[in-house]
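The values are calculated or read from the model by the stated rules, or taken from the named source; none is laboratory data. All values derive from a computational prediction rather than experimental measurement. These area figures cover heavy atoms from the full protein model, side chains too; ligands, DNA and RNA do not enter into them. Shrake-Rupley method; radii C 1.70, N 1.55, O 1.52, S 1.80 Å.
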Amino acid sequence: MTDQHVHDGPDAALRADIRRLGTLLGQTLARQEGRPLLDLVEEIRALVRSDAPSAAQRLATLDVTTGTKLARAFSTYFHLANITEQVHRARDLRRRRATHGGWLDQAATMIAERGVPAE
């Protein structure tokens, strides 16, 4: 489960981490479930990305066991992506707090700058 597109920008590190985890997940799937499941995951991803109606048709051909494994693979990928995003967001917030203070510090500074009386 890898994405071949590399983008620059503020989210480049996040995307790189998600790609890295997707690669590790793909390796784990191949090792635990076999290469055919990883190939199926990549096939479905390609079909969905191309917006091909054949994705639904392909999914309809799967037996319950394979469909369940496929659903678990995608579910695991999305969980990993969400956790990675949360970690990056927490790091960003910590950096902002270290540079600009927390929201309470910022509010107190703004109040003082505007000359709002304490009463």
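If you fit an axis through the alpha-carbon atoms of helix 35-49 and take the longest principal axis of the Cα set of the chain, what angle between them do you get, 0 to 90°, nearest 10? The angle comes out at about 60 degrees. Based on every Cα atom in the chain, Rg and the maximum pairwise Cα distance Dmax equal 22.0, 71 Å.
Computed on the chain, with alpha-carbon pairs under 8 angstrom and 6+ residues apart, the relative contact order is 24 percent.
Shape call for the range 14-64 from the C-alpha gyration tensor, a ≥ b ≥ c root eigenvalues: rounded (a/c under 1.5), prolate (a/b greater than b/c) or oblate?
Oblate, since a/c reaches 1.5 and b/c is not below a/b.
Where does the chain land at 222 nm, in deg cm²/dmol rounded to the nearest 500, when only DSSP H runs of n ≥ 4 count, each adding -39500 (n - 2.57), divided by all residues? Value at 222 nm, helices only, nearest 500: -26500 deg cm²/dmol.
Rounded to the nearest whole Hz, the Karplus-based 3J(HN,Hα) values (6.51 cos²θ - 1.76 cosθ + 1.60, θ = phi - 60°) of the range 14-25 follow the sequence 4, 4, 5, 5, 5, 4, 4, 5, x, 5, 4, 4, with x at glycine and proline. Net length available on complete extension from V48 to L24 is 6.5 nm, with 0.36 nm assigned per residue and the Cα-Cα distance removed.
Here the chain has 56 percent of its accessible surface on carbon and sulfur atoms, given a 1.4 Å probe and all protein chains in place.
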